[in-house]
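Here the structure is laid out as structure tokens; the discussion comes afterwards.
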Amino acid sequence: MGFLSLIIALLLEQARPLQNNNFAYNAVRGISRSLDSNFNAGESGQGVLAWLILVVPLTLGSWGIFFLLARVHVFLGLAWDVAVLYLTLGFRQFSHYYTDIQMALANNDLAEARDLLAQWRGRVSAGFSAAELDLSDVSRLAIEEALLASHRHVFGVLFWFVVLPGPSGAVLYRLADYLARAWNRPDAARDEIAEPHSTNEAAEPFGRFAARAFWLVDWVPVRLTAIGFAIVGNFEDAVFAWRNHASQWRDGTRGIILASGAGALGVRLGDAQSFANARPVELDGVSESIPGVEASPAAMRSAVGLVWRSLVLWVVLLFLLSAAGLFG
């Protein structure tokens, strides 16, 4: 059932992409704001309680509804699986930005590409400006955002969907991801969707548990995403970059995904502002920089292929697991 649910949800999402401000997102945002307003008194324990109040009932509730519907009829359980996956996967919620940037660069309209990148990255990085970026920088940042978004909106969700019963894993991952962002923003920008902080960099005590919880929830998926990029891309370079360059990024999660993706694509990702220090690592006394060529529109096309091949890999693995469970 899980394999069929995933295929149907992906097809629906391609045919009719879910809008960013959909009813489910608005409902969760409203509840999280209410919990923030009523529980946030500057103590980390209050953040723990607020996180549990929101995440546990919705996660267990999604499984409970699936269990009851599946007992009535298998197709009702399937329909619930599809509905929840449709709300949590969000593949097309980020891909349209990427596609529009590609089209702008294909038309030699760098100014339009900068504007689109500013709109996209500005949703997660307050104050970001693309006004001074050249063609390579625009391509590089678009690739970085696409690789990270594909993990958060697709591969991380799929992992927990497979691990937990019904659609509860997808709900857990999406809520943990959202709260790690929503509760770790300055008060003036709480309505934005932040980049998730590392476990030691939460903006305030109230958000520390949410950041830590998402780090734990994402620990296995982020490494499986990196492995997937390596398998469907340049395996040797991806593993080399992951092992030797991921630690250069200030955010370890970003480092794992982007280093693996850079090696798999053969494209240089990251810049001095992304790294914990701007100096290349030392390997056996030899200075090594991030491997790969400069990012370009051609590299953007390669990144699309990498993400799609990774998705096919995940789908095939889920099919094999489903078949093993059916015939085993």
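Report, in whole Å, the centroid distance computed from the Cα atoms of segment 46-102 and segment 6-24.
Using only Cα atoms, the two centres lie 11 Å from each other.
Could you compute the net charge surrounding Glu294? Neighbours are other residues with a C-beta less than 9 Å from the C-beta of Glu294; K and R count +1, D and E count -1.
Numbers: positive: Arg140, Arg268; negative: none.
For residues surrounding Glu294, the net value is +2.
Can you list the HN-Hα couplings for segment 108-117, worked out from phi with the Karplus curve (6.51, -1.76, 1.60; θ = phi - 60°), rounded to whole Hz and with x for Gly and Pro?
Each residue of segment 108-117 in turn: 6, 9, 5, 4, 5, 4, 4, 4, 5, 5 Hz.
Run the simple label-point estimate for Asn108 and Leu320 please: 7 Å along Cα→C-beta, distance reported in nm.
4.8 nm
Which log10 I(q)/I(0) values does segment 99-172 give at q = 0.16, 0.26, 0.27 Å⁻¹ under the Debye formula, counting every alpha carbon as one identical point scatterer?
Values returned for q = 0.16, 0.26, 0.27 Å⁻¹ are -0.63, -1.10, -1.16.
Under 5 Å between amide H atoms, partner at least 5 residues away or on a different chain: which partners does Val267 have, H built in plane at 1.01 Å?
Long-range HN contacts for Val267: Val293.
With an 8 Å Cα cut-off and a minimum separation of 6 or more residues, compute the relative contact order for the chain in percent. Spell out each step's value before the answer.
Values: 462 pairs, mean separation 59.2, N = 328.
Relative contact order here is 18 percent.
Could you give the spread of the C-alpha atoms of the chain along their three principal axes, from largest to smallest, in whole angstroms?
In descending order, the Cα extents are 61, 52, 44 Å.
Please name which of Gln19, Leu318, Ser139 has its Cα lying farthest along the dipole of segment 2-327 towards the positive end, using unit charges on Cβ (Lys, Arg +1; Asp, Glu -1) and the Cα centre as origin.
With unit charges placed on the Cβ atoms, the residue in question is Leu318.
What distance in nm separates the two pseudo spin-label positions at Arg16 and Ala131, each 7 Å out from Cα along the beta-carbon direction?
So the label points at Arg16 and Ala131 sit 4.2 nm apart.
Which listed residue (Val304, Leu117, Ala213) has the Cα farthest towards the positive end of the charge dipole for segment 2-327, taking +1 on Lys and Arg C-beta and -1 on Asp and Glu C-beta about the Cα centre?
Towards the positive end, the residue furthest out is Ala213.
Could you give the dipole magnitude of the chain about its Cα centre, charging the beta-carbon of Lys and Arg +1 and that of Asp and Glu -1, in debye to the nearest 20? Working shown, then result.
Numbers: 24 positive and 29 negative charges, 199 e Å.
So the magnitude is around 960 debye.
Taking H placed 1.01 Å from N in the peptide plane, check which residues at least 5 places from Trp249 or on another chain put their amide H under 5 Å from its amide H.
Under 5 Å from the amide H of Trp249 lie the amide H atoms of Ala276, each far enough along the sequence or on another chain.
Relative to the present Cα-Cα distance, how much length would full extension add between Ser37 and Glu204 at 0.36 nm per residue of separation?
On the way: separation 167, 0.36 × 167 = 60.12 nm, distance 1.39 nm.
That works out to 58.7 nm of additional length.
Quick note: the coordinates plus some simple rules give every number you see, no bench work behind them. What you are looking at is a predicted structure, and each value in this text was computed from that prediction instead of being measured. So basically every Cβ, Gly included, is an ideal-geometry build from the backbone, and we count neighbours across all protein chains shown.
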